[in-house]
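What follows is a single structure, written as structure tokens, with notes after it.
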Amino acid sequence: MAEQFIRRELTIQVLTPLHIGCGEKLRRHSFVQEGRSLLVLDEDKLLDWARASEKNATVLEDFAEEADLPLDAFFKQQHLPAHRYMAYRVPVVSGEPRELQLFIKAPGHQPYVPGSSLKGAVRSGLLRGALLGDEEMRMQAGKVAGGLAYRGEDSDDLQAVLFVPSADVPEGRRPNYDLMRTLAFSDSTPAPAGALEVCEVKVLSARLGRNEERSLGFKAGGAGRDMIIYVEALKPGTRLTGSVLWNQALLDPTGPASGLALHRRRDLILGFCGVCQDAVRDLIDQEISFYQTHGQRDLQRFYEARGEELEGMRERQTFLWPLGWGTGYDAKTVTDLFGEQVFRDVAHHYKNTQRLGRPTGGDWLGPELSPKSRKVALRQDGKLEPMGWLRIEIKD
């Protein structure tokens with residue numbers, strides 16, 4: 001009898017700054033910048049100081065109500081050494097943050113990559129890769145996508161084309177029949193100490209200049225300045241480990257779960273690395289074309305190098321993927337695969353995609369070059385890097 005579960009170790013290497021948010025955002029009430037380091041407040045330590053006397057408690061209460069007073073000014077007023085009241089220190093690559101988006105962390109302020117994020121990335125890769133490799137499935141999914149886009153409805157019906165192999169499953173029961181039930185990822189090990197950095201992220205947006213020349217420029221924020229977003233990110237070069245688990249019992253065509261019909265996609269789920277390789281090849285080609293069209297040679301070369309690297313992975317259980325915040329529309333969707341009209345309908349009918357692929361003063365970019373903007377991290381040497389690229393390897 002075959003084993004019910006197949007378990008394999010995996011390694012994750014961060015290639016470009018990776019941000020997976022926890023939903024928490026800090027302002028200058030909660031951190032102090034000292035040179036090229038950011039000291040993040042430990043609120044419990046400051047509350048302990050406040051409990052020491054009634055005067056301290058009143059001073060802290062007044063500070064909490066003073067919206068414009070930064071934490072470093074409070075420490076100076078009270079003659080308190082900032083480092084005694086900090087949870088952790090993180091280096092700043094560039095800039096002076098006024099606001100900071102935090103990375104998800106385990107207890108003890110240890111950043112990690114959630115298994116749910118990895119599973120979501122593989123789900124996206126499987127959907128794109130399978131549709132690229134199966135014209136009949138792509139045509140079927142395109143018809144579904146066109147109808148959904150016109151009605152402005154969600155993508156459950158579209159995803160069911162691949163992930164729910166059994167026909168005529170009622171919508172409310174689809175999670176029970178979903179192919180991804182057969183695959184599980186653990187959370188990664190916590191990142192080593194010092195793996196986080198504060199990244200300055202800008203938005204490159206397509207523009208059409210004089211003489212119809214296409215270029216990229218930074219999106220403006222307030223007061224005519226570039227829009228800047230500061231995030232905690234795992235540094236390039238960080239290595240993490242985790243595991244992946246296949247549930248063979250759910251894939252057994254003669255087993256008690258055969259009625260779910262998940263065995264019809266057995267080869268796909270067991271060979272998800274190769275499918276994700278095909279999917280990411282498509283993403284890389286699109287990025288090369290986008291940056292080539294708009295004259296951004298450094299980022300074009302980055303993606304050309306990733307394409308060359310991918311070619312060396314064909315016989316290995318390894319693939320590249322952009323994960324987390326700032327990695328773009330195409331890394332999480334597949335509507336660009338269904339032709340221009342479906343893509344136009346998506347951009348027109350969905351609230352969050354209006355003006356997708358429409359540069360100011362320019363023509364429609366079309367599905368292959370959309371969206372019109374990309375989030376990029378500014379490095380210390382002034383170079384730009386895309387967000388969130390990983391190399392994921394499954395060990396035999």
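Please treat every number below as a calculation from the coordinates, not as lab data. As the structure is a computational prediction, the values presented were derived from the model and not from experiment. Glycine also receives a Cβ, built like all others from the backbone with ideal geometry; neighbour counts cover every protein chain displayed.
Values as computed for the structure displayed
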quantity	calculated
Relative contact order for the chain, counting Cα pairs under 8 Å that sit 6 or more residues apart, in percent	27 percent
Estimated Rh, the stretch 209-306: Kirkwood, alpha-carbon pairs, angstrom	18.5 Å
Computed FRET value (nearest 0.05) for ARG36 with GLU311, which takes r as the C-beta separation and R₀ as 41 Å	0.60
Dipole-positive endmost among GLN296, ALA279, ALA249 within the stretch 233-296 (Cβ charges, Cα centre)	ALA249
Relative contact order for the stretch 22-151, counting Cα pairs under 8 Å that sit 6 or more residues apart, in percent	31 percent
Straight-distance crosslink candidates among aspartates and glutamates, where the alpha carbon sits under 17 Å from LYS395 and sequence neighbours closer than 8 are dropped	GLU9, ASP187, GLU315
Stokes-Einstein translational diffusion, the stretch 38-89 - Kirkwood Rh over all Cα pairs, 1.306 mPa s, 10 °C, in µm²/s	141 µm²/s
Euclidean distance of C-alpha centroids, the stretch 308-326 and the stretch 273-288, integer Å	8 Å
Dipole moment magnitude, nearest 20 debye, the chain about Cα centre, only Lys, Arg, Asp, Glu C-beta charged	320 debye
Equivalent ellipsoid, the stretch 292-346 (semi-axes from 5 times Cα gyration tensor eigenvalues, Å)	24, 17, 12
Order by protection proxy (mean Cβ within 10 Å, highest first), peptides 248-259, 325-336	325-336, 248-259
Total charge dipole magnitude, the stretch 265-325, about the Cα centre, Cβ charges on Lys, Arg, Asp, Glu only, Debye to nearest 20	180 debye
Given LYS235/LYS383; LYS119/LYS383; LYS25/LYS202; LYS119/LYS372; LYS25/LYS105, the pairs whose alpha carbons are separated by over 20 Å	LYS119/LYS383; LYS119/LYS372
The stretch 106-149: proportion of alpha-carbon pairs further apart than 11 angstrom, %	72 percent
Computed E for ASP285/THR254 - FRET, C-beta separation, R0 56 angstrom, nearest 0.05	0.85
Local net charge near PRO170, Cβ-Cβ under 14 Å (Lys/Arg +1, Asp/Glu -1)	-3
Placed amide H near TRP389: partners under 5 Å, 5+ positions off or other chain	LEU15, THR16, LEU323
Burial ranking of peptide ranges 87-96, 10-19 (average Cβ count within 10 Å, highest at the top)	10-19, 87-96
Linear extension gain, ARG174 paired with ASP72, 0.36 nm per residue minus alpha-carbon span	31.5 nm
Label point distance in nm, ALA193-GLU304, each placed 7 Å from Cα along Cα→Cβ	4.3 nm
Residues TRP49, TRP389 arranged by fewest to most Cβ contacts within 10 Å	TRP49, TRP389
Debye intensity ratio I(q)/I(0), log10, the chain, q values 0.12, 0.14 Å⁻¹ (C-alpha model)	-1.04, -1.27
Simple spin-label estimate for GLU61 and GLU24 in nanometres, 7 Å along Cα-Cβ	2.5 nm
Translational D in µm²/s for the stretch 96-207 (Stokes-Einstein at 10 °C, 1.306 mPa s, Kirkwood Rh from C-alpha pairs)	90 µm²/s
